[in-house]
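Enquirer: Take a look at this one; I'll ask things after.
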Number of protein chains: 2
Amino acid sequence: MTEYFTPAQVVDRLGFSHDTLRYYERIGVLEHISRDPAGRRRFSAADVEWLEAVRYLRDTGMPLNEIRRYSQLAKDGDRTATTRLELLLCHEERVTDRIAHLNRQHEQLRQKIGWYREHLARQGARDHS
Amino acid sequence: MTEYFTPAQVVDRLGFSHDTLRYYERIGVLEHISRDPAGRRRFSAADVEWLEAVRYLRDTGMPLNEIRRYSQLAKDGDRTATTRLELLLCHEERVTDRIAHLNRQHEQLRQKIGWYREHLARQGARDHS
DNA sequence: GTGCTACCTGGAGCCGGGTCCAGGTCAAGC
DNA sequence: GCTTGACCTGGACCCGGCTCCAGGTAGCAC
């Protein structure tokens, strides 16, 4: 008596669109999504859990083909745990770098904004003189 | 006696490719790049400065069409400074949100890594017993 | 039994952001 | 005066990541 989720429920909870879910299945990011007797997808708790992982992997910029690789390793059981860990560590390093870069560029942006504010203030002062 | 930079120099200093520079000119992110008598681009100091801005706008996720809009406003002089500031502020808010989101997802990733480490440690312990 | 809704399928299309190509021109060095 | 290299042009192509479409089916509501 495993519990299943309909596509609509997954859409609601996870925020992927129907089309994206089907797309992920097509390209192998999701695999073996079971069907009910009428042929409709039903997502298991494990599927949903995996989708949560997909979301943070994707949102941290891991390309889908790498996510797929990871998923295929996971499918091959414990034996591949070390490889998966390495993959995650390597990705994590990239993420850290990206965040650092993003923060630097963000700082530039804020400086520009500061510049505009001063500029407009000076202009305002002139208008009142 | 304005100083100019050749495309190659800009490529070196800014890290955009030749093709990207030409592409940016085509779509209006760059405008009025002057030419030498032989028709070759020469980038002014102001162009280079603008390209630096393009880089941090792009790297913080501003879409090129918005960057173009911004550039066109800038071209219309001081009159549009307020609008430009608003645009930057709005973008800056999005960036802040994105960084926050990224940090949350990054945290998830690190938890997963932690889980793997523990898992492998337990496994290692078993192997030695 | 007629709708309606929620799905299904394979395949085409779209969008952003480049990247590559063919064919040509000029300037400099030898 | 010839080669080489850095550039020019317009246009085609690519890639990732979706998104949309047409045509079809199963189940429920009335």
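The values are calculated or read from the model by the stated rules, or taken from the named source; none is laboratory data. Just so we're clear, the structure is a prediction, and the values are computed from it rather than from any experiment. Heads up, the Cβs are rebuilt from the backbone with ideal geometry, glycines too, and the neighbour counts pull from every protein chain shown.
Enquirer: When you look at A:ARG58, is it at pLDDT 95 or above, of a type in the set (D, E, K, R), within 23 Å of B:ILE99 (Cα to Cα) and within 14 Å of DNA strand C (Cβ to nearest atom), yes or no?
Expert: No, not satisfied.
Enquirer: Based on what the data block shows, is A:SER44 in contact with a Ser or Thr (Cβ under 8 Å, 6 or more places away or on another chain) and not assigned by TED's automatic domain parsing to the domain that holds A:ILE99? Break it down stepwise before answering.
Expert: Values: in contact with a Ser or Thr (Cβ under 8 Å, 6 or more places away or on another chain): yes; not assigned by TED's automatic domain parsing to the domain that holds A:ILE99: yes.
Yes: the conditions hold for A:SER44.
Enquirer: Check whether at least one residue in the range B:102-113 is within 16 Å of DNA strand C (Cβ to nearest atom) and buried (at least 17 other Cβ atoms within 10 Å of the Cβ), and report yes or no.
Expert: As a first pass, look at the range B:102-113 and keep what is within 16 Å of DNA strand C (Cβ to nearest atom): none.
So far as the range B:102-113 goes, no, none of its residues is within 16 Å of DNA strand C (Cβ to nearest atom) and buried (at least 17 other Cβ atoms within 10 Å of the Cβ).
Enquirer: May I pose another question? Just to verify a result, which residue in the range B:114-123, among those that are among the hydrophobic types (A, V, I, L, M, F, W, C) and more than 7 Å from chain A (Cβ to nearest Cβ), is surrounded by the most Cβ atoms within 10 Å (Cβ to Cβ)? Show your work before the answer.
Expert: Filtering the range B:114-123 down to residues among the hydrophobic types (A, V, I, L, M, F, W, C) leaves B:115, B:120-121.
Within this subset, residues satisfying the condition of being more than 7 Å from chain A (Cβ to nearest Cβ) are B:115, B:121.
Working: B:TRP115: 12, B:ALA121: 10.
Among residues in the range B:114-123 that are among the hydrophobic types (A, V, I, L, M, F, W, C) and more than 7 Å from chain A (Cβ to nearest Cβ), the one surrounded by the most Cβ atoms within 10 Å (Cβ to Cβ) is B:TRP115.
Enquirer: Here is a further query. Residues in the range A:58-99 that are within 11 Å of another protein chain (Cβ to nearest Cβ) and closer than 18 Å to A:ARG26 by Cβ: how many?
Expert: Of the residues in the range A:58-99, 2 are within 11 Å of another protein chain (Cβ to nearest Cβ) and closer than 18 Å to A:ARG26 by Cβ.
Enquirer: When you look at A:VAL11, is it in contact with a Ser or Thr (Cβ under 8 Å, 6 or more places away or on another chain) and within 16 Å of DNA strand C (Cβ to nearest atom), yes or no?
Expert: Here the answer is yes, as A:VAL11 does meet what is asked.
Enquirer: Residues in the range A:83-109 that are in contact (Cβ under 8 Å) with a residue 24 or more places away in the chain and under 16 Å from B:ILE113 (Cβ atoms): how many? Before the answer, list the steps.
Expert: Within the range A:83-109, the first condition is being in contact (Cβ under 8 Å) with a residue 24 or more places away in the chain, and the residues that meet it are A:91, A:94-95, A:98.
Narrowing further to those that are under 16 Å from B:ILE113 (Cβ atoms): A:91, A:94-95.
Looking only at that region, the number is 3.
Enquirer: For the range B:33-62, name all the residues that are more than 16 Å from B:LEU21 (Cα to Cα) and of a type outside the set (Val, Ile, Thr).
Expert: Hits for the range B:33-62 are B:ASP36, B:PRO37, B:ALA38, B:GLY61, B:MET62.
Enquirer: Can you list the helices (runs of 4 or more DSSP H) lying wholly within the range B:1-82 that have 1 or more residues being away from DNA strand D (no atom under 14 Å from the Cβ), in contact (Cβ under 8 Å) with a residue 40 or more places away in the chain and within 12 Å of the chain's Cα centre (by Cα)? Don't jump to the end; show me each part of the working.
Expert: Details: elements: B:7-14, B:18-27, B:45-59, B:64-75.
Correct list: B:45-59.
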